[in-house]
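A short worksheet on the structure shown next.
The values are calculated or read from the model by the stated rules, or taken from the named source; none is laboratory data. Keep in mind that this is a model prediction, so the values were computed, not measured. Positions of Cβ are generated from backbone atoms using ideal geometry, with glycine treated the same way; all protein chains shown enter the neighbour counts.
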Amino acid sequence: MRKKTMMPINGKKLRELVLSKGHITVISEELGYSRTALGIACKSNKISPVMARALELAFNIPYEQYKPEEPKPEPKPEEPTKETMFTNRSEQCLITLVAMVGEMRNNMIALNDKLNKLIELWGED
């Protein structure tokens, strides 16, 4: 005997759809299953193809309305740009040196502004 192939579902969505048609236990029995069969399917997020087909034919609830959403693909990591790609150690050192010189320049400008302020306050002698 073959094992039943179950189909994945969004149990919450199926429960909402079924409840819009009536009570879940009544509908389960009307489909020819036990009172709890449809509720178990909703809780386990799995349904047999036969039950899915019966829901579609008897209550106009097609599988597409309660099938699980496919997970969104994760975004690809960004390709390194020319600015972030290092070809060798010398290039890494050069980039670090340029950044340090820029920082030193900014510090010198700030220091010069402070000296000019002091000269203004104390006057030139």
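Say we look at segment 59-90 and pick out the residues that are in a loop (DSSP other than H, G, I, E, B) and surrounded by 10 or more Cβ atoms within 10 Å (Cβ to Cβ); which of these is modelled with the lowest pLDDT?
That would be F86.
Report, by residue number, each residue of segment 25-75 that is over 21 Å from T5 (Cα atoms) and outside the structural domain of R15 (by TED's automatic domain parsing).
P71, K72, P73, E74, P75
V98 passes all but one of (1) modelled with pLDDT of 95 or more; (2) more than 19 Å from M7 (Cα to Cα); (3) of a type outside the set (D, E, K, R); which number fails?
(1)
Could you pull out the residue among A37, A52 that is more than 32 Å from the chain's Cα centre (by Cα), surrounded by 12 or more Cβ atoms within 10 Å (Cβ to Cβ) and not charged (D, E, K, R)?
From the options A37, A52, the qualifying one is A37.
Could you list all residues from segment 12-28 that are free of Cβ contacts under 8 Å to residues at least 40 places away in the same chain and surrounded by 14 or more Cβ atoms within 10 Å (Cβ to Cβ)?
Residues satisfying the conditions are R15, I24, T25, I27, S28.
Which ones in segment 115-125 are surrounded by 10 or more Cβ atoms within 10 Å (Cβ to Cβ) and either among the charged types (D, E, K, R) or in contact with a Leu (Cβ under 8 Å, 6 or more places away or on another chain) (or both)?
Scanning segment 115-125 gives a single hit, K117.
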